[in-house]
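Scroll down for the structure; my scribbles are underneath it.
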Amino acid sequence: MSLDTPIFSPWIILVSFGLYGFVHSLLATHQAKAFVRSWFGDQGSRGYRLFYNFFAILSFMPVLGLVGALPDQPLYTIPFPWVLVTLALQGLAVVALILGVIQTDAWQFLGIRQFASEGQVENSPLVVTGLYRWVRHPLYTAGLVFIWCTPAMTVNLLALNAGLTIYILIGAYFEERRLVKEFGKQFQMYAKSTPMLIPGLKKSGKQSGGQ
């Protein structure tokens, strides 16, 4: 059995995405940022966010390339008229992504504000209005809606979506730990009343975010 057999394709994609996620997460650590600052000073630190976003997009291209290049098998295609519903949900997800980025300061999110600034850029305040009134991570929610409303699903795409979902859930967990450290009780109170990813889902038990 060779690597050209479709059964190997999803595993190759998952391993590749796992490697991508590991490197991406490593670059997001405080240690990586401190290393850049020690070597390149304040200028390197200011440009780190912009570099991080550029590298994340560029390094994701090979993973997407594998999805299209490896042997694949169709799983399902959503028929008309239900496909209109999924396309509408994807459109709403794109709008939510754009609004979420704008609401949290798009230039700072992209790293352009930090790169262009000559001094230290203050962290954005905790956003709890707009989309953030309904879920704590609307960008993640929108991303999950978009990938799982794909009208035509294949084995390779399923593997990619599974990897993305796991990565998003892990990313949300660690981001909440960072937010607890940064905003303390303010974020903890916000987390008690606002679901993490699913609007309307009431929390129960201990609160998340490193509690």
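Each reported figure results from applying straightforward, stated rules to the coordinates on display, with no laboratory input. Predicted model only: the values in this text are computed from it and were never measured. FYI the Cβ positions are ideal-geometry reconstructions off the backbone, even for glycines, and counts take in every protein chain you see.
Observations on the model:
- Answer label for Kirkwood radius over Cα pairs in Å (calculated), chosen among (i) 17.3; (ii) 18.5; (iii) 19.3: (iii)
- Extension reserve of the Ile166-Leu110 stretch, reckoned as 0.36 nm per residue once the Cα distance is removed: 17.8 nm
- Prolate/oblate/rounded label for the range 2-99 (Cα gyration tensor, a/c 1.5): oblate
- Ranked Leu87, Leu160, criterion: other C-beta atoms within 10 Å, fewest first: Leu87, Leu160
- Fewest-first sequence of Tyr76, Tyr140 by Cβ atoms within 10 Å of each Cβ: Tyr76, Tyr140
- Total lysine pairs in the chain at Cα distances under 18 Å, for residues eight or more apart or on different chains: 8.
- Over the range 150-199: Rg over Rh, Cα atoms, Kirkwood Rh: 1.18
- Inter-label distance, nm, simple model (7 Å from Cα along the C-beta direction), Ile198/Asn53: 3.1
- Estimated from helical segments only, the mean residue ellipticity of the chain at 222 nm is -21500 deg cm²/dmol, where each DSSP H run of four or more residues counts as -39500 (n - 2.57).
- For the range 83-171, the Cα-based Rg and Dmax, in that order, read 15.7, 49 Å.
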